[in-house]
Amino acid sequence: MTWAPLLRLKEALGEGSELVIVGGAVRDELLDRPHADWDLATRLLPQAVMDRARAAGLKVIPTGLQHGTVTVMLEDRPVEVTTFRSDGDYLDGRRPESVHLGVSLEEDLSRRDFTINAMAMPLGGGDLVDPFGGRRDLAQGLIRAVGDPLQRFAEDGLRPLRACRFAAQLGFEVEAATAAAIPLRLEVARKVAVERVFTELDKLLRSQNPARGLDLLASSGLLDLWLPELRPMLGCAQNRHHRYDVWRHTLEVVGHAPAEAGLRWAALLHDSGKPDKRTVGGDGEVHFYNHETRSLDLAAAILDRLKASHALRKEVLALIRHHGFHPDATWKDAACRRFLRRLGDDGLTLEHWGAFRLADQRGKGFEWEARQAEHGKVMDRLQTLADQAPPLSVRALALNGAALMKLAGRRGGPWLGDLQIQLLEAVLEEPELNEPARLEERALQLLKQAR
Ligand code: ATP
Ligand code: MG
């Protein structure tokens, strides 16, 4: 069941290399899940791995010699080969002070975080090496720390978050003692570098079962370390449009949104402003007027703190900004076109906005079929209007800046931008106007008015 080119490497390294597949690849192979990379481990020291692989004509890159890692290219794919190693003492709750090469495979497996990640599979057949009961935990769907969870979480504060992430990806439970250790080690988790935290949160969100992971973050207290703004969403009751409170609604939307970073992060943060904006009207109805603005502020602060990429930040904020709009049958065509223009200006496609809206509608928790049908109508209409390719930006006007300057007999200046915006608005109202002669006529009228 393993990837054939790995056998070529095994041959190159020779007898006695004890080359095995380790970590996530073993876990995913046993679960029959796809995985992106193969991690290999060997008894050989890095120099020997490089010498022998090169002698066999393989391309080798010394990517992490101080950790015992070299990368070997097999059929254009990078494969990491790491010498069996143990970790020295952890003094700062983040990284071991040193690593020791040249230990046994069992010792190498014992430094790994969870039993399901601490198995090794010999290449080309042979018994699974499973000193901590990883296979049993895989079968039972359990995330269990290797050794004493309190100690393992004291060594490296990222591990509790990884436990939640794996639970979300695999749909597993966190074993009781492992789960109980998390709240006792929050001070260690707090010290972890934000880049590592972001990577794990992002994987958790893009998983099969993000709601499970997010619930674990909330119940263990990890949420308050990295996303404290979200805590008030728990138990924040909504109105007759919603079956769930703000937190549960959020988990539903995250789970139903396509598993892409922008959509999932937007789902997590889109209603974060609701608790602050909650009011109860005279009729007893709950309102969240203007919560989008507050959600935008919170989302921007959270994504900045987590050092999210500029592209992700932009996409998430755009999705949040437009999530309160429902261009239904009461909207005029011109209003729909103006909406399409705003989406475009914000870098969103109609498809993306629609995918988010559908998940948001689904998360309301009832009348799903009716909502789905309504959503289909909204999208069909917007798509039909978009397909007519109406001019949605100044660039798409039938007269460009030079033509307008010539028409006005003036050089460029602020007047030109103002005129272009006015023309665009006229054209959004009435797309047939976007034709040189008619647009010229309208431009002259506007210029005369402006005088
Ligand atoms: P993914 O599918 O996300 O790559 P993975 O299990 O391969 O999952 P990696 O972060 O790639 O996770 O790490 C590879 C292996 O290294 C893990 O399976 C685990 O054995 C070990 N490992 C990774 N991070 C830690 C950690 N913080 N503490 C202990 N062991 C770890
Ligand atoms: Mg991996």
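The values are calculated or read from the model by the stated rules, or taken from the named source; none is laboratory data. What you are looking at is a predicted structure, and each value in this text was computed from that prediction instead of being measured. Here the Cβ is made from the backbone with ideal geometry for all residues, glycine too, and neighbour counts use every protein chain on show.
Looking only at residues in the range 130-141 that are in contact with a helix residue (DSSP H, G or I) (Cβ under 6 Å, 6 or more places away or on another chain) and outside any helix (DSSP H, G or I), the one that is surrounded by the fewest Cβ atoms within 10 Å (Cβ to Cβ) is P131. Of the residues that make up the range 378-390, is at least one of a type in the set (D, E, K, R) and outside any helix (DSSP H, G or I)? Within the range 378-390 (the criterion being of a type in the set (D, E, K, R) and outside any helix (DSSP H, G or I)), the answer is no, since none of the residues qualifies. Looking only at the range 23-32, residues that are touching a residue at least 24 places away in the same chain (Cβ under 8 Å) and away from ligand 2 (no atom under 12 Å from the Cβ) come to 3 in all.
Considering the range 279-302, and only residues there that are in contact (Cβ under 8 Å) with a residue 12 or more places away in the chain and of a type in the set (S, T, Y), the residue that is surrounded by the fewest Cβ atoms within 10 Å (Cβ to Cβ) turns out to be Y289. Checking A181, A176 one by one, the residue that is outside the structural domain of A118 (by TED's automatic domain parsing), on the phi < 0 side of the Ramachandran plot and without any contact (Cβ under 8 Å) to a residue 12 or more places away in the chain is A176 and no other.
State the number of residues belonging to the range 143-161 that are in contact with a Ser or Thr (Cβ under 8 Å, 6 or more places away or on another chain) and buried (at least 20 other Cβ atoms within 10 Å of the Cβ).
Summing the residues that are in contact with a Ser or Thr (Cβ under 8 Å, 6 or more places away or on another chain) and buried (at least 20 other Cβ atoms within 10 Å of the Cβ) in the range 143-161 gives 6.
What tally of residues in the range 190-202 results from selecting those that are assigned to a helix (DSSP H, G or I) and free of Cβ contacts under 8 Å to residues at least 40 places away in the same chain?
As a first pass, look at the range 190-202 and keep what is assigned to a helix (DSSP H, G or I): 194-202.
Next, from what is left, pick out any that are free of Cβ contacts under 8 Å to residues at least 40 places away in the same chain: 196, 199.
Total meeting the criteria: 2.
When A154, A118 are checked against the criterion of being within 16 Å of ligand 2 (Cβ to nearest atom) and of a type in the set (G, A, S), a single residue qualifies: A118.
One residue stands out among those in the range 420-451 that are without any contact (Cβ under 8 Å) to a residue 24 or more places away in the chain and in contact with a Leu (Cβ under 8 Å, 6 or more places away or on another chain): the one that is farthest from L397 (Cα to Cα), which is R442. The conditions of being of a type in the set (A, V, I, L, M), more than 16 Å from ligand 2 (Cβ to nearest atom) and without any contact (Cβ under 8 Å) to a residue 60 or more places away in the chain are not met by L205.
Considering only residues in the range 226-269 that are charged (D, E, K, R) and in a helix (DSSP H, G or I), the one that is surrounded by the most Cβ atoms within 10 Å (Cβ to Cβ) turns out to be R264. With respect to V20, determine if the residue is within 35 Å of the chain's Cα centre (by Cα), buried (at least 17 other Cβ atoms within 10 Å of the Cβ) and away from ligand 2 (no atom under 14 Å from the Cβ). Answer is yes for this residue. Is it true that some residue in the range 313-327 is touching a residue at least 60 places away in the same chain (Cβ under 8 Å), crowded, with 17+ Cβ neighbours inside 10 Å and either closer than 29 Å to E195 by Cα or among the acidic types (D, E) (or both)? Scanning the range 313-327 turns up no residue that is touching a residue at least 60 places away in the same chain (Cβ under 8 Å), crowded, with 17+ Cβ neighbours inside 10 Å and either closer than 29 Å to E195 by Cα or among the acidic types (D, E) (or both).
Within the range 229-242, is even one residue among the polar types (S, T, N, Q) and within 20 Å of the chain's Cα centre (by Cα)? For the range 229-242, residues among the polar types (S, T, N, Q) and within 20 Å of the chain's Cα centre (by Cα): absent.
Looking at T42, is it β-branched (V, I, T), modelled with pLDDT of 90 or more and either more than 11 Å from ligand 2 (Cβ to nearest atom) or outside the structural domain of V103 (by TED's automatic domain parsing) (or both)? Against the criterion (β-branched (V, I, T), modelled with pLDDT of 90 or more and either more than 11 Å from ligand 2 (Cβ to nearest atom) or outside the structural domain of V103 (by TED's automatic domain parsing) (or both)), T42 qualifies. So, of the residues in the range 162-198 that are closer than 22 Å to L251 by Cβ and surrounded by fewer than 16 Cβ atoms within 10 Å (Cβ to Cβ), which turns out to be farthest from ligand 2 (Cβ to nearest atom)? Among those residues, the one meeting the criterion is P183.
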